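Take a look at the following structure, please.
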Amino acid sequence: TQERVQSLPLDKLEPFPNHPFKVIDDDKMLETVESIKGRGVLVPILVRPTNDGNFEIVSGHRRHHASLLAGKTEIPAIVREMDDDTAILLMVDSNLQREELLPSEKAFAYKMKLDAMKRQAGRPRKDNSAPVGPNLIGTRSNLELAAESPDSKTQIQRYIRLTHLIPEILELADNSVLKDPDMLQIALRPAVELSYLRKEEQADLFAIMDEMDCTPSHAQAIKMRRMSEAKTGDERLAKDAL
């Protein structure tokens, strides 16, 4: 079926499952709302149909939210049939080029995209040849992801490691980008090292950081990771490292 722009009711649209990009009512959102009030939505959103007659947003979550705030009832959209992994790749790619993405947004977006690429690479091709082995799939997918992304392969791996952080520490990594002096924050490199700690160790460490109003340096975080790997990390040692 030939794709065309059509007007869809806002209440028929659903967010993408596990959408990693935050939709925040900040100054930019308010600007978008005012623009939509005056000129409407100039760039159609991209959606795919669901089994219940609704539509799932692939690209355009901010435009959808701004339209709701602007009091609109419909939005121009392109409806496209696509499988889950194709939708994930389009959803991530349409957002990764945005400026000022938070570390948590990049972390889960890169992980979603890499997992989708690995699944696609592992499927038999149309010529019925067998899929390549899992190690080669992982290597190839990582290289392809880096080639298509604004970050290097190493930096992408760092971001993906952040998905192993508990939400409280991951929020501190986001704070480092927001640069609010009143918020406790941690830089990317030490946050990556802390992601190797067990969840209960991270929870204990966060309680200490919150109590002492400080976060570890990169060297201190490496020390904590080594203590955890040696299974000697406890609250006393975490305090000593800080």
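The values are calculated or read from the model by the stated rules, or taken from the named source; none is laboratory data. What you see is a predicted model; the values in this text were computed from it and never measured. Methodologically, a virtual Cβ is constructed for each residue, glycine included, from the backbone with ideal geometry; neighbour enumeration extends over all protein chains shown. Note: accessible area is taken over every heavy atom of the protein model, side chains too, but ligands, DNA and RNA are not part of it. Shrake-Rupley method; radii C 1.70, N 1.55, O 1.52, S 1.80 Å.
Do we find that residue 83 is under 22 Å from residue 101 (Cα atoms) and not basic (Lys, Arg) in this structure?
So residue 83 does not fit the description; no.
Pick out the one residue from 43, 79 that is open to solvent by less than 40 Å² (accessible area, probe 1.4 Å), at negative phi and more than 20 Å from the chain's Cα centre (by Cα).
79
From the residues in segment 3-22 that are modelled with pLDDT under 95 and basic (Lys, Arg), which one is farthest from residue 105 (Cα to Cα)?
Ranking the qualifying residues of segment 3-22, first place goes to 4.
Then there's this: Criterion first (touching a Pro at 6+ places or on another chain (Cβ under 6 Å), closer than 23 Å to residue 165 by Cβ and either at pLDDT below 95 or crowded, with 18+ Cβ neighbours inside 10 Å (or both)) does residue 105 satisfy it?
Here the answer is yes, as residue 105 does meet what is asked.
Quick one: is residue 128 part of a helix (DSSP H, G or I), surrounded by fewer than 20 Cβ atoms within 10 Å (Cβ to Cβ) and modelled with pLDDT under 95?
no
Right, something else. For residue 73, state whether it is open to solvent by 90 Å² or more (accessible area, probe 1.4 Å), among the polar types (S, T, N, Q) and modelled with pLDDT of 95 or more.
So residue 73 passes the test.
Tell me, please, whether a residue that is touching a residue at least 12 places away in the same chain (Cβ under 8 Å), of a type in the set (Lys, Arg) and under 25 Å from residue 110 (Cα atoms) can be found in segment 23-33.
Residues of segment 23-33 that are touching a residue at least 12 places away in the same chain (Cβ under 8 Å), as a first pass: 23, 25, 29, 32-33.
Then keep just the ones that are of a type in the set (Lys, Arg); that gives none.
No, there is no match, as no residue in segment 23-33 is touching a residue at least 12 places away in the same chain (Cβ under 8 Å), of a type in the set (Lys, Arg) and under 25 Å from residue 110 (Cα atoms).
Please find, within segment 1-22, the residue that is farthest from residue 79 (Cα to Cα) out of those that are open to solvent by 70 Å² or more (accessible area, probe 1.4 Å) and under 27 Å from the mean Cα position of the chain (by Cα).
For segment 1-22, the residue satisfying everything is 22.
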